[in-house]
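Everything below concerns the one structure shown next.
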Amino acid sequence: MPAGEYTISNQGGPGSRSTDVLLVGTTGGARFFAFTVRVETGDGNYPKTSRLMFRRYGNQHFLSGVWSAYSRFGHEFLESRTERELTKSAAVKPETVIVLAQGPSARSTVAR
């Protein structure tokens, strides 16, 4: 997905499941992408702001996690095929980049 503004929504509640589905859509709603993600439980320190985590390889960024404000659950994205291929072909270790998201915890609009 290209850089831009997106809306992220959770399709269901975490409960006792270990996986969930997140919809990532363009701000205007023209396109949506569905991702199966792992549900992660935090350390008990609930974040006060929603945040997105990316793995960065040089100038390429891959969405790796979403944490909603005041929630003990986060969502971890699996590595994409492109990211796995990049990891194999390059001797570069990823860096973690955190971006604060804007909007309510259940539906976050993110800016690049």
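A short reminder: the numbers here are calculations on the coordinates, not readings from a lab. None of these values were measured; they are calculated from a predicted model. Quick reminder, even Gly has a Cβ in these numbers, built from the backbone with ideal geometry, and neighbours come from all protein chains shown.
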Q: Show the residues, 5+ positions off or on another chain, whose built amide H is closer than 5 Å to the amide H of Ala101.
A: Ser50, Arg51, Leu52
Q) Given labels modelled 7 Å from the Cα in the Cβ direction, how far is it in nm from Thr96 to Arg31? A) 2.9 nm
Q | Calculated FRET efficiency for the pair Asn59/Arg38, C-beta based, R₀ 25 Å, to 0.05 | A | 0.40
